[in-house]
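Here is the structure we will look at, set down as structure tokens.
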Amino acid sequence: MSGYECPVCGVPQAEADHLANHVAFAAMLDDADHEDWLDAHAPDWNELSPAELGEVVVEYAPASDVEFEEGDHAHAEQHFAQEGGYGRDDLGGDEQAIVEEAMELTREMREDGEE
């Protein structure tokens, strides 16, 4: 299953709603490029559901070369993290601790969902 590339930074996402979440979260985290893109292409983006925003974003998103397996949403994130890209600046101590805790909680939630 092919997905989409972010029209702003090229990060591959498996589904339209994942792409919508990526663009919106980046904008909310003060990434001016993502926020400017949303303001230009979906001015009411902060009022839309992920599915609604996904419909808008995929109109401008190129297809991804990354092949996703059904239910495999981590592959592209891991692939992109290895290559660097959006959000890959060095983090300070507190920021790094928060990211590590979030990653651990996400891993635990995924494991709990498999049981």
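Rule-based calculations on the coordinates, nothing more; no lab input. This is a predicted model, so every value here is computed, not measured. Positions of Cβ are generated from backbone atoms using ideal geometry, with glycine treated the same way; all protein chains shown enter the neighbour counts.
Per-residue Cβ neighbour counts within 10 Å put Glu67, Glu104 in the sequence Glu104, Glu67, beginning with the fewest. Annotation: peptides 93-103, 34-44, 54-64, ranked by per-residue average of other Cβ atoms within 10 Å with the highest first, follow the order 54-64, 34-44, 93-103. Label-to-label distance for Tyr60 and Leu105 is 3.1 nm, based on points extended 7 Å past Cα in the beta-carbon direction.
Net charge within 11 Å of Pro50 by Cβ-Cβ distance, Lys/Arg positive one each and Asp/Glu negative one each, not counting Pro50 itself? In short, -4.
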